[in-house]
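Student: Below is the structure I would like to discuss, written out as structure tokens.
The values are calculated or read from the model by the stated rules, or taken from the named source; none is laboratory data. Just so you know, these numbers come straight off a predicted model, no measurement behind them. Positions of Cβ are backbone-derived with ideal geometry, glycine not excepted, and every protein chain shown enters the neighbour counts. Accessible surface is based on the protein model in full, side chains and every heavy atom, while ligands, DNA and RNA are left aside. Shrake-Rupley method; radii C 1.70, N 1.55, O 1.52, S 1.80 Å.
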Amino acid sequence: MTIRNVLRDHGQRYRPRMACLKKAEKVVLEMQDPTTGVKLQPQRLVITTIPHAITGEDIVQICLFYSEARSFGSMLVALGYIYPIQDHKRLVVKPDASLYRFQTPYFWPTQQWPVEDTDYAIYLAKRNIRKKGILELHEQEQYNHLHKWMNHKWDFIVMQAKEQYRAAKERKKPDRVVFDCQERAYWVVHRPPVRTHTCMFLSLQKTFMIFIQQSIMRPRVKSSVSIGALVKYCATYKGHDPFLSKCLPSNPWLTDDVTYWALNMPNVEIPTKMRVERWTFSFGELLSDPRGRDDFRLFLKKEFSGENLAFWEGCEDLKWGTAATMKEKAEQIYKTFLARGAPRWINIDGKTMEITVKGLKHPHRYVLDAAQTHIYMLMKKDSYGRYLKSPVFKETTKKAVCPEEHKFSDSQLEQNARNRRPSLSPIIIRQQEQEQKAKMAASAPVDITQVMSKLSQQGKEAPPRRTSVKND
């Protein structure tokens, strides 16, 4: 197993019942006492001798001073303090000769090691190698899910699994069986099958209570501040909302006038004043408009920082591009903007560069998200404010056009609506085409020789009919 000594996760995603675990741990230590506890001795399992094993009868016997000794022993198994050697699917204590062993204190729940998906994927890959592709149903589902989710580093996972499998084969058979049972029990506790109750995590009611407590303690914004922000947003975008204001010069859906589309093309040479005004609302509005992005690129070029926007656009192309060219694009972006001595090198901090370079070993769509966010915030806080005060933006605002409203009379609008026809359904169009072909075939002259030849060919291809003879 690859459980590493990392910082412990004290979040709400993994928060076992610590008070209960401390008491259970105390009981397990008493059970392991060499004088008063249960006796550990080698036990035979078919032809293998399991060292330091105990039976279900011993566990129930030592727990008799607790009420419901069998349920208490099953709770210790479900919590991961004791693991079964034979029946791994059911984490319960059987009051018979079934074999169990005490879990290593390193894997006790009180250690609170974060259970990572990478470790679980390595374990499933190792079991898949050992079982030659035959896994339990829930393990197969988890294996397929992790394979799809961690496809960018699956080669590393398989390599680790093969190394652990090769190291396990070098152990003695009793140690190999014990280690396999120990590891399997650990993952059954921490990654239980679907619709299986586990004692490791809080119940649904307890989780809901924690969520309510966190919601109460979370700092909130006053309703007056929220309403003020909403009013400000509505006042800002009121003139740009097609439901609240008119389309200038006219609404093309009513008037059939395409001037509105021509003035608001993505890369129009001279934009409208309303379009330029929208760029001042936020940096996101500026980048979402292709014409505004071209204007911002011209400004960055004059400030000798055009590589920032080029890098951001390259990351967007990588994120939304095809999967076939993903690796090639990631390498090209690295060579152009991030590598040492790159022709358009960008300035990012060392931590972000370390995360990015580490992720590029197994590239995927979002491998450059950290660097892209860093450059985006740099442009937003520094370049965007200077752009709004620059001569480039002032010149664009000066040249922007404000189209006058095209007025149409009611009779003209009625005439447009009368001439406008809805598009036909594809089914109706197909039927009309078939009818047209049938009419053309019926009106065309008939060649008797071709018809007779087709009939003779059909007669040769048809199988002979069977005639039944009735006996009188």
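Student: Of the conditions (1) modelled with pLDDT under 75; (2) surrounded by 13 or more Cβ atoms within 10 Å (Cβ to Cβ); (3) of a type outside the set (D, E, K, R), residue 111 satisfies every one except a single condition; which number is it?
Tutor: (2) is the only condition that residue 111 fails.
Student: Now for a different question. Could you tell me whether the stretch 389-400 includes any residue that is farther than 29 Å from residue 259 by Cα, surrounded by 10 or more Cβ atoms within 10 Å (Cβ to Cβ) and in contact (Cβ under 8 Å) with a residue 60 or more places away in the chain?
Tutor: Yes, because at least one residue in the stretch 389-400 is farther than 29 Å from residue 259 by Cα, surrounded by 10 or more Cβ atoms within 10 Å (Cβ to Cβ) and in contact (Cβ under 8 Å) with a residue 60 or more places away in the chain.
Student: Please enumerate the residues belonging to the stretch 362-388 that are farther than 23 Å from residue 298 by Cβ, open to solvent by 40 Å² or more (accessible area, probe 1.4 Å) and either of a type in the set (Asp, Glu) or in contact (Cβ under 8 Å) with a residue 60 or more places away in the chain (or both).
Tutor: 362, 364, 369, listed by residue number.
Student: So which residues in the stretch 93-125 are of a type in the set (A, V, I, L, M, F, W, C) and within 35 Å of the chain's Cα centre (by Cα), if there are any at all?
Tutor: 107, 108, 113, 115, 121, 122, 124, 125
Student: Going by the conditions given, is residue 123 in contact with a Leu (Cβ under 6 Å, 6 or more places away or on another chain), outside any loop (DSSP other than H, G, I, E, B) and not hydrophobic (A, V, I, L, M, F, W, C)?
Tutor: Judged against the criteria, residue 123 is not a match.
Student: Looking only at the stretch 126-141, count how many residues are hydrophobic (A, V, I, L, M, F, W, C) and part of a loop (DSSP other than H, G, I, E, B).
Tutor: Of the residues in the stretch 126-141, 2 are hydrophobic (A, V, I, L, M, F, W, C) and part of a loop (DSSP other than H, G, I, E, B).
Student: Considering the stretch 253-289 alone, what residues qualify as being of a type in the set (Val, Ile, Thr), more than 24 Å from residue 389 (Cα to Cα) and open to solvent by less than 80 Å² (accessible area, probe 1.4 Å)?
Tutor: Listed by number, the residues that qualify are 255, 259.
Conditions tested, residue by residue: (1) open to solvent by 100 Å² or more (accessible area, probe 1.4 Å); (2) modelled with pLDDT of 80 or more; (3) under 30 Å from residue 253 (Cα atoms).
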residue	(1), (2), (3)
404	yes, yes, yes
409	no, yes, yes
421	yes, no, yes
426	no, no, yes
429	no, no, yes
432	no, yes, yes
437	yes, yes, no
442	no, no, no
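Student: From the list 94, 172, pick out the single residue that is modelled with pLDDT under 85, touching a Pro at 6+ places or on another chain (Cβ under 9 Å) and basic (Lys, Arg).
Tutor: Criteria check complete, one pass: 94.
Student: Sticking with this structure for a sec: Which residue, of 312, 320, is open to solvent by less than 40 Å² (accessible area, probe 1.4 Å) and within 24 Å of the chain's Cα centre (by Cα)?
Tutor: After applying the criteria, what remains is 312.
Student: Could you grab me the full set of residues in the stretch 140-149 that are open to solvent by 10 Å² or more (accessible area, probe 1.4 Å) and in contact (Cβ under 8 Å) with a residue 24 or more places away in the chain?
Tutor: Selection gives 141, 142, 147, 149.
Student: Here's a follow-up. Out of curiosity, is residue 214 closer than 28 Å to residue 109 by Cα, at pLDDT below 85 and surrounded by fewer than 14 Cβ atoms within 10 Å (Cβ to Cβ)?
Tutor: yes
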